[in-house]
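A.B. asks: Provided herewith is a single structure, encoded as structure tokens, for subsequent inquiry.
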């Protein structure tokens, strides 16, 4: 949807994922969108070099999030939020469901 504006589909995927979940790492994003890891990593590095994203190391994993000091953060977030409204409902629900802790064995969904 935003591919013509952002330059690539992977750029859109990365930014939509980070907006919806608040943070993410390369393999998590690649698995969610069922795409290759390398282009996602390159896109994350590109956004970090441009100042759009910031990262921190958590063990061996590099976690990315929106840069709160990026001057166009609010307009970019509103554009991405608007684009997210046009995603299929099932995919939007999966994006917004952010489970990090393991579930108790036998617990119903």
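We did not get these values from a lab; they are worked out from the coordinates using the rules stated. Note that the coordinates shown come from a computational prediction; the quantities given were computed from them, not determined experimentally. With ideal geometry, Cβ positions are generated from the backbone for all residues, glycine too; neighbour counts draw on all protein chains shown.
Conditions tested, residue by residue: (1) in contact with a helix residue (DSSP H, G or I) (Cβ under 7 Å, 6 or more places away or on another chain); (2) without any contact (Cβ under 8 Å) to a residue 24 or more places away in the chain; (3) in a strand (DSSP E or B).
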| position | (1), (2), (3) |
| --- | --- |
| 57 | no, yes, yes |
| 69 | no, yes, no |
| 76 | no, no, no |
| 80 | yes, no, no |
| 87 | no, no, no |
| 100 | no, yes, no |
| 107 | no, yes, no |
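A.B. asks: Check residue 30 against each of (1) touching a residue at least 12 places away in the same chain (Cβ under 8 Å); (2) under 19 Å from residue 94 (Cα atoms) and name the one condition it does not meet.
C.D. replies: (1)
A.B. asks: Report, by residue number, each residue of region 51-60 that is over 11 Å from residue 23 (Cβ atoms) and surrounded by 12 or more Cβ atoms within 10 Å (Cβ to Cβ).
C.D. replies: Selection gives 51, 52.
A.B. asks: Further question on the same structure: Can you pull out every residue in region 18-45 that is within 12 Å of residue 64 (Cα to Cα), touching a helix residue (DSSP H, G or I) at 6+ places or on another chain (Cβ under 7 Å) and outside any helix (DSSP H, G or I)?
C.D. replies: 24
A.B. asks: Assuming residue 48 fulfils every condition listed in (1) assigned to a loop (DSSP other than H, G, I, E, B); (2) surrounded by 15 or more Cβ atoms within 10 Å (Cβ to Cβ); (3) out of contact with any helix residue (DSSP H, G or I) (no Cβ under 9 Å at 6 or more places or on another chain) apart from one, which condition is it?
C.D. replies: Among (1) assigned to a loop (DSSP other than H, G, I, E, B); (2) surrounded by 15 or more Cβ atoms within 10 Å (Cβ to Cβ); (3) out of contact with any helix residue (DSSP H, G or I) (no Cβ under 9 Å at 6 or more places or on another chain), the lone unmet condition for residue 48 is (1).
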